[in-house]
Amino acid sequence: MNVVKPKPFTFSNGDRAVLLLHGFTGHSGDVRMLGRFLEKQGYASHAPIYPGHGVPIEELLLTGAEDWWTCALEAYDHLQSLGFEKIAVCGLSLGGVLSLKLASVRPVAGVISMCAPVVADHQDRLKAGVIARAKEIKQLERKDEETIQQELNALQQQPFTVLEQSKTLINGIRDELDLVYAPTLIIQARQDKMINPDSANMIYEGISSEQKDIHWYENSGHAITFGKEKDKLHEDIYEFLEGLNWES
């Protein structure tokens, strides 16, 4: 069975643009429902896929933080090339980290971080998530259980330097939060079992933004864009975007 490879998307409705950045081991599907919602509200959006994502996990291990960061910068530049002068950036998990980093080096109308870690104390959980994602992809490929187990065993023997690179990226943005001046909405799921939820408070205290807020989602887990509170999430993001200064 051939698994359809996910693709980046661009929804070009409206003259206000939002860059949507997915999570680690994820792809553009992480933020597609949000993109479609924003399209209905008159917002354009673009969601790239980082190198090593949306493909077999073995390919992820050949990439690193510089590749993902370069992809985020190129995605921002892509929206500018389409004629959007002011861009808001919104990201889930790793995408939230990249969103904050973008806001520290590029002019953005606003930044939204969703379940973004700034404490790299979840490496064991992250590795477990990588293995689980690898198994899921192999099952979708209809591989037999013996083959899957053999490939997973081989995968676990690989050096997971990609995790160290993600740790360096997370620690780096934590040390540069004071460079974020754009209006910021910090979104955190209370039931998040992947990252330390206190990251939300650290982001709030660390950024230099005069306009900033934290929204806690009591009944959501880390994959908040798929959770039972996704409709509330969409409305909160829309309200934040509507409050930004898109004119000057």
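With respect to F11, is the statement that it is touching a helix residue (DSSP H, G or I) at 6+ places or on another chain (Cβ under 8 Å) and closer than 21 Å to I187 by Cα true? No: the conditions fail for F11.
Just name the residue that is farthest from G227 (Cα to Cα) out of those in the range 19-42 that are in contact with a His (Cβ under 8 Å, 6 or more places away or on another chain) and assigned to a strand (DSSP E or B). Step by step, filter the range 19-42, then rank; the result is L19. Please find, among S199, S248, the residue that is modelled with pLDDT under 95 and either closer than 19 Å to V18 by Cα or under 19 Å from the mean Cα position of the chain (by Cα) (or both). Of S199, S248, the one residue that is modelled with pLDDT under 95 and either closer than 19 Å to V18 by Cα or under 19 Å from the mean Cα position of the chain (by Cα) (or both) is S248. Scanning the range 4-18 for residues that are part of a loop (DSSP other than H, G, I, E, B) and of a type in the set (A, V, I, L, M) turns up just one, V4. Criterion applied to S81, S28 was being within 23 Å of I186 (Cα to Cα) and of a type outside the set (D, E), and the one residue passing it is S28.
Annotation note: of N219, N171, the sole residue that is of a type outside the set (K, R), assigned to a helix (DSSP H, G or I) and out of contact with any helix residue (DSSP H, G or I) (no Cβ under 8 Å at 6 or more places or on another chain) is N171. When the range 222-248 is filtered for residues that are open to solvent by 20 Å² or more (accessible area, probe 1.4 Å), part of a loop (DSSP other than H, G, I, E, B) and not hydrophobic (A, V, I, L, M, F, W, C), the ones remaining, listed by number, are H222, K228, E229, G243, N245, E247, S248.
Output the residues belonging to the range 136-162 that are closer than 26 Å to L34 by Cα and either in contact with a strand residue (DSSP E or B) (Cβ under 7 Å, 6 or more places away or on another chain) or surrounded by 16 or more Cβ atoms within 10 Å (Cβ to Cβ) (or both). First the steps, then the outcome.
Step one: list which residues in the range 136-162 are closer than 26 Å to L34 by Cα, which gives 136-137, 140.
Listed by number, the list holds a single entry, I137.
Just one of the numbered conditions (1) modelled with pLDDT of 95 or more; (2) within 19 Å of the chain's Cα centre (by Cα) is not true of I170: (1). Considering the range 8-26, the residues that are open to solvent by 30 Å² or more (accessible area, probe 1.4 Å) and at pLDDT 95 or above include one that is nearest to W246 (Cα to Cα), namely R16.
Within the range 148-159, not a single residue is under 16 Å from D121 (Cα atoms), assigned to a helix (DSSP H, G or I) and β-branched (V, I, T). Of all residues in the range 174-191, those being open to solvent by 10 Å² or more (accessible area, probe 1.4 Å) and either of a type in the set (D, E, K, R) or outside any helix (DSSP H, G or I) (or both) number 9.
The values are calculated or read from the model by the stated rules, or taken from the named source; none is laboratory data. For clarity, every value in this text was computed on a predicted model and none was experimentally measured. Neighbour counts are summed over all protein chains in view; Cβ atoms, including those assigned to glycine, are modelled from backbone coordinates with ideal geometry. Just so you know, the surface numbers come from the protein's heavy atoms only, side chains and all, with ligands and any DNA or RNA stripped out. Shrake-Rupley method; radii C 1.70, N 1.55, O 1.52, S 1.80 Å.
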